[in-house]
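Since the structure comes first, as structure tokens, the remarks are kept for the end.
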Amino acid sequence: MEYRRLGKSGLQVSELSFGSWITFGNQIGDNTSEKLMDMAYEAGVNFFDNAEIYANGASEKVMGDILSKKSWSRDSYILSSKVFFGAGGKLPTQRGLHRKHIVEACEQAMKRMKVDYLDLYFCHRPDKETPITETVWSMHNLIQQGKILYWGTSEWSAQEIMEAHMVAERYNLIGPTMEQPQYNMLVRRKVEVEFSQVYRTVGLGTTIWSPLASGFLTGKYKGKHAKDFRLKREELGWLAEILLVEENFNKIDKLDALAKNLGMSLPQLGVSWCLKNKNVSTVILGASKEYQLEENLKASELKTKINTQVLEEIELILDNKPNQPQF
Ligand code: NDP
């Protein structure tokens, strides 16, 4: 496993990390969750990703129960949560990025995960109803209180991230260190184009999500597919509609052939491709079964097979390179 700096911060995060969306406290049993965390940790993964909304708090609870059983030293791993969507409560005080919810959500996440502090704390989406100054102050105060170590954003625009930095600079506060955007072979614009200046100006780190487009980029949706595949879940019907289209299946066929030529599997190609982007600090893996994580973790070694020529071949197949703005 290799480690990369989280943006301009000094924190070294494993280039592959592990998250619990859909799976922990929901799709998979707690024993499987524990085995997956063991496998990840033993492979050198040092970052585990979570959020208040995942299974309405149950995902944090399962992860906390697992962590408290382990003899892993607290200084050997990085733990995150995210605030915005709430943990199931629908009242206006129970969600958003106002000071009250940020403070309460952080306390609740620490309690569910049975830890004294969170290493990374993300604003899960921008909150159009709360002044950004209030959010920046609230996150800064949590750092000052020792409850979180770094704060960041998820699916914020470059403009919103820069606004947070302007506020931080004005009041001498700590600004966001990292952003958590979606990034995979089918979704590229934010990471490759929109943030291209922000990496340089404020040294933004990225913890990217859905590297395999929720499993679509494994190729397993060709032909017959099992009921327990993620994109068969009723609540994700909207995502299946976007992904399971002929144009994408044609790309999958060609990528699969390329992966075979390289001596790797399609999921390994998908994860390795994300790792080749130097602005990616860590690729967050998801898995519902042990064989999946075992397979995907190998991408750390296999990424060296993705040379410039292979990247060009992939580019030809994908045919979706986002245009860089012309100056
Ligand atoms: P992926 O795109 O890698 O999807 C993971 C899923 O794909 C698995 O649960 C499994 O689903 C399937 N899969 C993965 N590997 C294989 C394999 N080798 N063979 C067959 N199937 C495979 O990542 P996620 O979408 O899970 O995202 C990773 C993490 O990112 C999340 O856990 C979460 O922590 C974070 N995230 C953050 C978001 C945000 O808004 N900030 C949003 C979404 C995720 P199955 O077996 O059910 O088909």
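Here are the numbers for this structure:
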quantity	calculated
Lone qualifier among Leu269, Leu262, Leu243 - being more than 10 Å from the ligand (Cβ to nearest atom), touching a helix residue (DSSP H, G or I) at 6+ places or on another chain (Cβ under 7 Å), closer than 28 Å to Gln12 by Cβ and without any contact (Cβ under 8 Å) to a residue 60 or more places away in the chain	Leu269
Pick from segment 200-214, criterion open to solvent by 30 Å² or more (accessible area, probe 1.4 Å) and either of a type in the set (Lys, Arg) or under 20 Å from the mean Cα position of the chain (by Cα) (or both), ranking: nearest to the ligand (Cβ to nearest atom)	Trp209
Helices (runs of 4 or more DSSP H) fully within segment 89-192 counting 2 or more residues that are under 20 Å from the mean Cα position of the chain (by Cα), crowded, with 17+ Cβ neighbours inside 10 Å and touching a residue at least 40 places away in the same chain (Cβ under 8 Å)	99-113, 158-171
Output for segment 57-81, where each listed residue is touching a Gly at 6+ places or on another chain (Cβ under 8 Å) and open to solvent by 40 Å² or more (accessible area, probe 1.4 Å)	Lys61
Near pairs, Cβ below 6 angstrom, 6+ apart or cross-chain, from segment 22-40 (of a type in the set (Asp, Glu)) to any residue that is assigned to a helix (DSSP H, G or I) and buried (at least 16 other Cβ atoms within 10 Å of the Cβ)	Asp30/Val62; Glu34/Ile66
Filter result for Lys8 (assigned to a helix (DSSP H, G or I) and open to solvent by 20 Å² or more (accessible area, probe 1.4 Å))	no
Those residues of segment 286-320 which are under 20 Å from the mean Cα position of the chain (by Cα) and within 26 Å of Asn250 (Cβ to Cβ), in sequence order	Gly286, Gln292, Glu295, Asn296, Ala299, Lys303
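The values are calculated or read from the model by the stated rules, or taken from the named source; none is laboratory data. Predicted model, so just to flag it, every value in this text is computed and none were measured. Methodologically, a virtual Cβ is constructed for each residue, glycine included, from the backbone with ideal geometry; neighbour enumeration extends over all protein chains shown. Just so you know, the surface numbers come from the protein's heavy atoms only, side chains and all, with ligands and any DNA or RNA stripped out. Shrake-Rupley method; radii C 1.70, N 1.55, O 1.52, S 1.80 Å.
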